[in-house]
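Report on one structure; see the data block that follows.
What follows draws every value from the coordinates through simple rules; no lab data is involved. Only a predicted model underlies this, so the values are computations on that prediction, with no experimental measurement involved. For neighbour counting, all protein chains shown are included, and Cβ atoms are generated from backbone atoms with ideal geometry for every residue, glycine included.
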Amino acid sequence: MYNCIDLTTINHKDIVLLHFAANPKPWNICWSLSPNCNEFNKNLYQYYEKQTPWSGLPPTLPRNYKEMEFYAKCLRKHKYYIKSFHWYLKYLLAKIKYLIKKY
């Protein structure tokens, strides 16, 4: 499967290459809060993930200040206010460290 927009009309067995181009990626902790995480995409990703050496690994946490900010916003949008505040503080600290290094 190449350059296909509508995955719902594709037979899973016809897929040759599946690229999740949007963010967050399915292996990221933000995925479950994303509008891209619908039942079809979740099941499709899990089906192929089970066939890899990475099967069963926990989702990745935000690695940089941009991902931390995005995760904090996703959490706030879904009313996880305390977790959102925690990640927003982590974001601020990471951003300050980045700015100090940069200048």
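Near LYS77, once Lys and Arg are set to +1 and Asp and Glu to -1 for all other residues with Cβ below 15 Å from its Cβ, the sum equals +3.
Each Lys or Arg adds one and each Asp or Glu subtracts one; over the other residues with Cβ under 12 Å from the Cβ of GLU49, this totals +3. Projecting label points 7 angstrom from Cα along Cα→Cβ for ASN36 and ILE82 puts them 3.0 nm apart. Divided by 2.2 N^0.38 Å, where N counts the residues, the Cα radius of gyration of segment 24-103 comes to 1.27.
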